[in-house]
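*Asks:* Structure in structure tokens, see below.
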Amino acid sequence: MRQINLLPPELKPSKQAGILIKKAEKFFISLLLVYLFLMGAAFAYKQYLDKGLGEYKDKKSVLSNELKSLVNVETSTVFIRDRVGKYKTLSNRDIELTNLKLFESSHQYFASDSKITSIDISENNISYAASVTNLASFSRLLDSLVKSSLYKEVALIGLTRSEDGSYKFGLTMSF
């Protein structure tokens, strides 16, 4: 096909301008290719970073869930430890109540003329410091406590006779 040039010859570009335009055209095409390559590389790098970020988010959620379960375990452990402490307190009270019942049982053997000056109730025994007005009351008390079989052992911790004929003594009864 034939080309028809309708421009007047004075507006025709010079040969040097044509070469310069062709060089500029090649330069801009190479710039466009570099730009497209850099855009592609940036897009690929963004995808790579998004993938890495997704993995870190997954790890974070797994660790967060694990931390929540550990917090629940710790809370349960503290709750159980608290309950065990309260149970131990209650079981100690049961021992004290049992000892108090043994004290009440042994107290019935004391004669009406006897005076108890001190009592010590511990985990394994009951100790009395007491006095009676005569030897008969003292021997009845010891005989009754030994025969009652409330205690494994009844120990006399000293015996003192006063000028008025009363007897002061200490008793420790183990169970």
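*Asks:* Over the stretch 108-174, with a single point scatterer placed on each C-alpha, what log10 of the ratio I(q)/I(0) does the Debye formula yield at q = 0.19, 0.22 1/Å?
*Replies:* Relative scattering, expressed as log10 I(q)/I(0), comes to -0.70, -0.93.
*Asks:* Could I ask something else about it? Can you tell me what the convex hull of the Cα atoms of the chain projects to on average, as an area in nm²?
*Replies:* Values: hull surface 109.7 nm².
Seen from a random direction, the Cα hull of the chain projects 27.4 nm² on average.
*Asks:* Would you work out the charge dipole size for the chain about its Cα centre, treating the Cβ of every Lys and Arg as +1 and the Cβ of every Asp and Glu as -1, and quote it to the nearest 20 debye? It would help to have the intermediate numbers written out before the result.
*Replies:* On the way: 24 positive and 18 negative charges, 425 e Å.
Dipole about the Cα centre, nearest 20: 2040 debye.
*Asks:* Which lysines have a Cα less than 29 Å from the Cα of K57, not counting those fewer than 8 places away in the same chain?
*Replies:* In chain and number order, the partners are K46, K68.
*Asks:* Could you pull out every residue, at least 5 positions away or on a different chain, whose amide H is within less than 5 Å of the one on N134? Hs are placed 1.01 Å off N in the peptide plane, and Pro or chain starts have none.
*Replies:* For N134, whose amide H was placed from the backbone, the distant partners under 5 Å are Y167.
*Asks:* For the chain, what does -39500 (n - 2.57) per DSSP helix run (n ≥ 4), summed and divided by total residues, give at 222 nm, in deg cm²/dmol to the nearest 500?
*Replies:* Values: 2 runs with 106 residues, N = 175.
Helices in the chain give a 222 nm mean residue ellipticity of -23000 deg cm²/dmol.
*Asks:* Still on this model: May I ask you to list the trypsin sites (Lys or Arg not before Pro) in the stretch 1-65 that are in a DSSP loop and have at most 12 other Cβ atoms within 10 Å of their Cβ?
*Replies:* On the way: sites: R2, K15, K22, K23, K26, K46, K51, K57, K59, K60; in loops: R2.
Passing sites in the stretch 1-65 are R2.
Taken together, the values in this text are just the output of simple stated rules run on the coordinates, not laboratory data. In this text the structure is predicted, and so the values were computed from the model without any measurement. Note that each Cβ is placed from the backbone with ideal geometry, even for glycine, and that neighbours are counted across all protein chains shown.
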